[in-house]
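Read through the structure below, which is laid out as structure tokens, and then see the notes.
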Amino acid sequence: MRPDDIRRRISGRAIPLSGNDIDTDRIIPARFLKSITFEGLEAHVFEDDRRQMPDHPFNQPRHQGATILLVGQNFGCGSSREHAPEALRRWGIRGIVGESFAEIFFGNCTAIGLPCLALNSGDLARLNKFVAQHPDHEIVLDLEDRVVRFDTRNVPALLSDGARNQLLIGTWNATGVLLEAENEIDRVARSLPYVTGY
């Protein structure tokens, strides 16, 4: 695997997004899904919410450049569009911390190397309070130890073994795994009669 496919620790400033059950249509409204690539989606992250709420966190200058997104319960619910995690990643988000995530959203995030760590409600509230008081402080998502570090705290986080292993060794990048196995794929293909016998 390429070294930049490996995700062990992610650090950066956080951007808090309050509310539960924030669905993928709010993350990236459906009218922006017409393109055949993900390019430019970052410009439309939370487009409708940002228009309706001028003080939306993604509009605030103090949160520009933040790389860790803090969310509530069931984040990414709704339709299973891959565009939602892609839009967040292209905006600059490198990790998400919340109380819980919709299953398909979690899988789509893992598939692009965007880790989602879950905290219990008390620890998440303490993290949000710390970020509100210290928006310039970095927090650390330690995927190896499954903890979130902020202030002087090391808070235990939930991250499934499968997702953790993919992120730690870089196998989340399915295209990279296939390209790395190109010679073996060619060897097996040449041995198959229905590939070489025609």
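In summary, D23 fulfils each of the numbered conditions (1) loosely packed, with under 12 Cβ neighbours inside 10 Å; (2) among the charged types (D, E, K, R); (3) touching a Cys at 6+ places or on another chain (Cβ under 7 Å) with the single exception of condition (1).
Scanning region 181-195 for any residue that is surrounded by 12 or more Cβ atoms within 10 Å (Cβ to Cβ) and of a type in the set (D, E, K, R) turns up nothing.
Among the residues in region 14-30, are any part of a strand (DSSP E or B) and farther than 17 Å from C109 by Cβ? Yes, there is a match, as at least one residue in region 14-30 is part of a strand (DSSP E or B) and farther than 17 Å from C109 by Cβ. Among the residues of region 31-44, those identified as part of a loop (DSSP other than H, G, I, E, B) and either touching a Ser or Thr at 6+ places or on another chain (Cβ under 9 Å) or modelled with pLDDT under 90 (or both) are L33, K34, S35, I36, T37. Just wondering, is there one or more residues in region 107-118 that are surrounded by 15 or more Cβ atoms within 10 Å (Cβ to Cβ), over 29 Å from A43 (Cα atoms) and not basic (K, R)? Checking region 107-118: not a single residue is surrounded by 15 or more Cβ atoms within 10 Å (Cβ to Cβ), over 29 Å from A43 (Cα atoms) and not basic (K, R).
The criterion of at least 2 residues that are farther than 20 Å from N20 by Cβ and at pLDDT 95 or above is met by the following strands (runs of 3 or more DSSP E) wholly inside region 45-159: 139-142, 147-150, 153-156. I want to confirm something. Restricting to region 60-85 and keeping residues that are surrounded by fewer than 18 Cβ atoms within 10 Å (Cβ to Cβ) and touching a Gly at 6+ places or on another chain (Cβ under 8 Å), which single residue is farthest from T24 (Cα to Cα)? If we take residues in region 60-85 being surrounded by fewer than 18 Cβ atoms within 10 Å (Cβ to Cβ) and touching a Gly at 6+ places or on another chain (Cβ under 8 Å), then G65 is farthest from T24 (Cα to Cα). Look at (1) hydroxyl-bearing (S, T, Y); (2) surrounded by 15 or more Cβ atoms within 10 Å (Cβ to Cβ); (3) under 15 Å from the mean Cα position of the chain (by Cα) and you find that S160 fails only one, number (2).
The values are calculated or read from the model by the stated rules, or taken from the named source; none is laboratory data. Please read all numbers here as calculations on a predicted model, not as lab measurements. Note: ideal-geometry Cβ built from the backbone for every residue, glycine included; neighbour counts use all protein chains shown.
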